[in-house]
1. Can you report the number of residues in the range 202-236 which are of a type in the set (Val, Ile, Thr), buried (at least 18 other Cβ atoms within 10 Å of the Cβ) and over 10 Å from the mean Cα position of the chain (by Cα)?
2. For Lys23, only one of the following conditions fails: (1) assigned to a loop (DSSP other than H, G, I, E, B); (2) charged (D, E, K, R); (3) surrounded by 10 or more Cβ atoms within 10 Å (Cβ to Cβ). What is its number?
3. Is it the case, given these coordinates, that Lys23 is among the basic types (Lys, Arg), more than 17 Å from Tyr100 (Cβ to Cβ), assigned by TED's automatic domain parsing to the domain that holds Arg111 and more than 23 Å from the chain's Cα centre (by Cα)?
4. With (1) in contact with a helix residue (DSSP H, G or I) (Cβ under 6 Å, 6 or more places away or on another chain); (2) assigned to a helix (DSSP H, G or I); (3) farther than 15 Å from Ala130 by Cα as the list, and Leu256 as the residue in question, which single condition is left unmet?
5. Restricting attention to the range 93-105, which residues are surrounded by 16 or more Cβ atoms within 10 Å (Cβ to Cβ) and either in a helix (DSSP H, G or I) or small (Gly, Ala, Ser) (or both)?
6. Scan the range 31-58 for residues that are surrounded by 10 or more Cβ atoms within 10 Å (Cβ to Cβ) and not in a strand (DSSP E or B) and jot them down.
7. Identify all residues within the range 67-88 that are in a helix (DSSP H, G or I) and closer than 15 Å to Leu54 by Cβ; write none if there are none.
8. Could you say whether any residue in the range 178-188 is in a helix (DSSP H, G or I), without any contact (Cβ under 8 Å) to a residue 40 or more places away in the chain and within 16 Å of Asp128 (Cβ to Cβ)?
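The values are calculated or read from the model by the stated rules, or taken from the named source; none is laboratory data. A quick note: this is a predicted structure, and the numbers were derived from the prediction, not measured. Cβ placement follows ideal geometry from the backbone for every residue including glycine, while neighbour counts extend to all protein chains displayed.
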Amino acid sequence: MSKRLRRANVTDTVKMSLLCEVKGFCPLCRCSLMGKKISGDNIRLFDVAHIYPLNATPSELILLKNERRLSSNIDCEENFIPLCKPCHKKYDTNKTVLEYRQLYKIKVEIRKLKELSEQWSAQVLHEDIARVADVINNMAANKNSSTKLSLDALTLEEKKNDTLGVLNEIKVSHFITQFYIPIKQSFFRLEQEERARSQFIYSQVKSYYLLLLSKNFNQADIFEQMCEWFMTSQAIKERAKAEVLVSYFIQNCEVLS
């Protein structure tokens, strides 16, 4: 009989880090992993589970024999994920390949985001992008300009693939039609103030897009990560403004091209 491994001591710091990775919700049932006592104090409603079992049973060894592992060290943070207590019990006693693959995929995506953060943490989007964002509220759609754009410019259809999603496609198409030319004019004014000012922003956006592409993010994820970057890097608080700007850069060929 093989010797059973003792699980590592998971510190509170690691537990909170894992909780943040799944945004506070159980990856399997989506219930909240934190609650409150009557006193108002927070209470953890989760266990830290091993995605690949620490002491796999014979049936689990057969079940997962052809599945990839997140780490050669089973008892490490790379192989940990927080689950609500009912889901943890079910996963430990009656896991399925589908559930394993679901948790594996979640951790792979988390790893990609961590690597992205580490590589790009020092890169701050030029402050002038906030100036462009501030004038979006004052931009009135110009019907003549929109018509010209639809006739002369490359269409979103030529850039997107199935991973963008129908809702994103509709949204991006609308924003391009309504806002592309006014934003283009805003960047032109920046260029008049200082040579290569807008080109610098374009190169930053293109570089970030290429980094996302190198990490194998699909188009929906790229759209999401670009929006998040715009909002955190220059404190653009309104999500809609970030989406308008990303849509502009899609049409302008810095993104999805």
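1. Initially, the range 202-236 is screened for residues of a type in the set (Val, Ile, Thr), giving 205, 222, 232, 236.
With buried (at least 18 other Cβ atoms within 10 Å of the Cβ) added as a condition, the list becomes 205, 222, 236.
If we keep only those that are over 10 Å from the mean Cα position of the chain (by Cα) as well, we get 205, 236.
The qualifying residues number 2.
2. (3)
3. no
4. For Leu256, the failing item is (2).
5. If we filter the range 93-105 for residues that are surrounded by 16 or more Cβ atoms within 10 Å (Cβ to Cβ), which is where we start, we get 95, 99-100, 103-104.
Hits for the range 93-105 are Glu99, Tyr100, Leu103, Tyr104.
6. Cys31, Leu33, Leu45, Ile51, Tyr52, Pro53, Leu54, Asn55, Ala56, Thr57
7. Taking the range 67-88 as the starting set, the residues that turn out to be in a helix (DSSP H, G or I) are 77-79, 85-88.
Hits for the range 67-88 are Glu77, Glu78, Asn79, His88.
8. Yes; the residues of the range 178-188 include at least one that is in a helix (DSSP H, G or I), without any contact (Cβ under 8 Å) to a residue 40 or more places away in the chain and within 16 Å of Asp128 (Cβ to Cβ).
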